[in-house]
1. Using a basic spin-label model with each label point 7 Å from the Cα along Cα→Cβ, how many nm lie between residue 281 and residue 184?
2. Under 1.5 on a/c is rounded, so check that first for the range 555-596, then, if it is not, pick prolate when a/b is larger than b/c and oblate when it is not; a ≥ b ≥ c are the square roots of the alpha carbon gyration tensor eigenvalues.
3. Rounded to the nearest Å, what's the spacing between the alpha carbon centres of the range 454-495 and the range 53-124? Just the number, please.
4. Report Rg(Cα)/(2.2 N^0.38 Å) for the range 579-679, keeping two decimals.
5. Taking a quarter of the surface of the Cα convex hull of the range 249-391, what do you get in nm²?
6. Per 0.36 nm of contour for each residue apart, how much would the distance between residue 20 and residue 294 grow if the chain were fully extended, relative to their Cα-Cα spacing?
7. Once the Cα gyration tensor of the range 152-241 is diagonalised, what are the square roots of 5 times its eigenvalues, in whole Å and ordered largest first, as equivalent ellipsoid semi-axes?
8. In nanometres, what is the gap between the two model label sites at residue 133 and residue 469, each 7 Å from Cα along Cα-to-Cβ?
Ligand SMILES: [Zn+2]
């Protein structure tokens, strides 16, 4: 009995104030200290391990991670703790932050610094001339200096220590720092190195002579091809972060936020897509930390006298009025013991990546569903990505394509990859059996535009297009009138018009040429098109994101691409469709879908033989290519109704704007040919 009690007490003390990881296989890891890195979770199983090597599990095996820490987490060991905060690389390369200007037509141009060559209007097409005098790369054999910063972030003086430099894991040089470091004291170590071609990683490692709080911060490895970031932080904030332990396992602002760049690089590598089989090959590195007495004053120093900022982006911790007076509230423990997912997202912007939630659209009364009047809405198709919803997830395919293509370019442009659109964009409108729909009317309405009533329409191929108002306002809802319209050919194909543009080419190599989106902007306002297909008076609505076309461009379809629009229309040889389809809510989350047999004016023709029915469901009032029809059941020819279990048949998609529930039924003929989908009146939720 006594032994059991002691065992229980030991168990409780081991579990109190520690994390719980629920695994997808139903098991639990308790009493641990976890670090979520998005692609993996690192686990220290016991407090004594914190700050040392951790075991790792793939993130996909984690169902839920609960961070639970108590005061023991923040107890300060009376030990030193040497950390390598960052490695500088000088001379620094020029960046373009703050010198990319936009005109009313959404064209970026590099200008606004004395170091730049201002070619005026010509600069829109010849960006290389603007930066001709800037240092944008190192040349092989060039002498550069690497400066490692070492700080004692422990609570006791660190005795003298040895250190070494490594390049790609091979020793370069070593030395000894005899003096030791007091609490929060810093030392720097410089190394001259001749630049070499290729992607090299530098490591600086200290070898502490006594026991320390943490060992994982004894070295830093930086990809030298990584984009150089700065951090600006007030001395007061750094000191406040020395008062508690963060998720990184140490009592140190720098360790926590340097860890976030490691996470970003890890998520880059994990962003594996069809056009990026090695993920994102670009990297980031922490080049500079500016410890500020006053943050605003320090930020002003980032721009040199020549008007250029010599960095590729960074982050500024702005102090609140209370903080400026030295009143530092303890950062919430749960928060500082977790990963700050907003940071890799924001730093993604620093590299030029856009917010994909800018493609979400809550709808407008100009465009509503014909059955129930719901606004037709759109939610970006891949929201569980870093630049749509920041969180433990990789970047998307255009992020990968962009960063891989511009890996050696200065940062400062934003979203210019929206210009990457194939030269020909074809729509393939197909019916329920996958066959082309000839003679369908196609109208395209574009967000961020308003058709210019006085403008002269143009023609390109089978499409007619109308000019839009160009007043620099890209925030308009989807245009009330179509910006272009046409009819599908005999095989259901229609090439969208390449609408005229004010041309521009960016230093990253993206050209805004005539394209279906016209003068598309870099933020996403104009990057969304509502496509209304109409046949025999029956409309079908789709959304085309410029992003869809960018992806195909990055996959190599630079000359021609095809977008397939699956309609609910029947084929010429379809069996006759069921009649009088209804859906009625029943008890216990069930819906009864019922229909009548089809009628046909012909007698006994093989094409009309119905061998079964298929019941479909679709939730939301998003486009048909966002939330398409999903088959719920296939039934025999004598069935006239089906009781649908709402929970069991719900496809777990993102239903952001509406949960309107729609049901439809088709008749099945020989060889699986289906009739058009006949819809029941929708059920509003
Ligand atoms: Zn954002």
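Quick note: the coordinates plus some simple rules give every number you see, no bench work behind them. It should be emphasised that the depicted structure is a prediction, and the values quoted were computed from it without experimental measurement. Ideal geometry is used to build each Cβ from the backbone, glycine not excepted, and the neighbour counts take in all protein chains shown.
1. 4.4
2. Note, shape of the range 555-596 comes out oblate.
3. The range 454-495 and the range 53-124 have Cα centres separated by 40 Å.
4. 1.15
5. 14.4
6. Extra length available between residue 20 and residue 294 comes to 94.6 nm.
7. 25, 19, 11
8. About 4.2 nm, to one decimal.
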